[in-house]
Amino acid sequence: MTSTSAPGLARLNAGEESAALAELHEACASTAWARHLLAARPFATVEDLYTASDAAMAELTADDLAEAMAGHPPIGRPEPGDPTSSREQAGMAGAAEELKAEMLELNLAYQDKFGHVFLICATGRTGEQMRDAALERIGNSPEQEREIIRTELGKINRIRLTRLVEQDA
């Protein structure tokens, strides 16, 4: 996809800094990430945008990652009225109550251990897959988890950036 076939990319490239920052902040709550992408404008192609996103993600500090994670609700509890988190967590929406209760317990145990929400790119995953990932990852060290989170955030950002560049308005 080129910039001419991606109306959202043209808008992001040409937009006022504050408007572009707001759009990017919707994709990722990290100010450092969004500012890195702003500084890299204009993007000739969507792939250039993805490359800049990946580079920005690789440079985020632990504090930047924490800021990014703060923009994500716990798995199984999307923010009311937030279509993005509801869409991304659709795999938990139809899950059995037992699985939802188990995921709540895992979320709390994970948060107790690591000090932040369990973050996973939930798009396309079933409730069982998310539970299994939480069970596997709860045994990780904080350092291991930080790098997994960096990877998961990168996947989420790419999905959200794709939606952003495909939007007409």
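The values are calculated or read from the model by the stated rules, or taken from the named source; none is laboratory data. What you see is a predicted model, and the numbers here were worked out from it, not measured in a lab. Because the Cβ atoms are built from the backbone with ideal geometry, glycine has one as well, and the counts that use them run over all protein chains shown. Calculation scope for accessible area: heavy atoms of the full protein, side chains included, ligands and nucleic acids excluded. Shrake-Rupley method; radii C 1.70, N 1.55, O 1.52, S 1.80 Å.
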Next on the checklist: It is to be established whether one or more residues within segment 15-23 are under 30 Å from Thr126 (Cα atoms) and open to solvent by less than 30 Å² (accessible area, probe 1.4 Å).
Outcome noted: no
Checklist entry - Under the condition of being under 25 Å from Asp132 (Cα atoms) and crowded, with 21+ Cβ neighbours inside 10 Å, which residue from segment 59-73 is modelled with the lowest pLDDT? => result His72
Checklist entry - Taking segment 90-147 only, how many residues are open to solvent by 40 Å² or more (accessible area, probe 1.4 Å), in contact with a Gly (Cβ under 8 Å, 6 or more places away or on another chain) and part of a helix (DSSP H, G or I)? => result 3
Checklist entry - Do we have Ala56 as in a helix (DSSP H, G or I) and either open to solvent by 20 Å² or more (accessible area, probe 1.4 Å) or under 21 Å from Phe118 (Cα atoms) (or both) here? => result no
Checklist entry - Which residues, taken from segment 25-48, are part of a helix (DSSP H, G or I), touching a helix residue (DSSP H, G or I) at 6+ places or on another chain (Cβ under 6 Å) and touching a residue at least 60 places away in the same chain (Cβ under 8 Å)? => result Ala27, Trp33, Val46
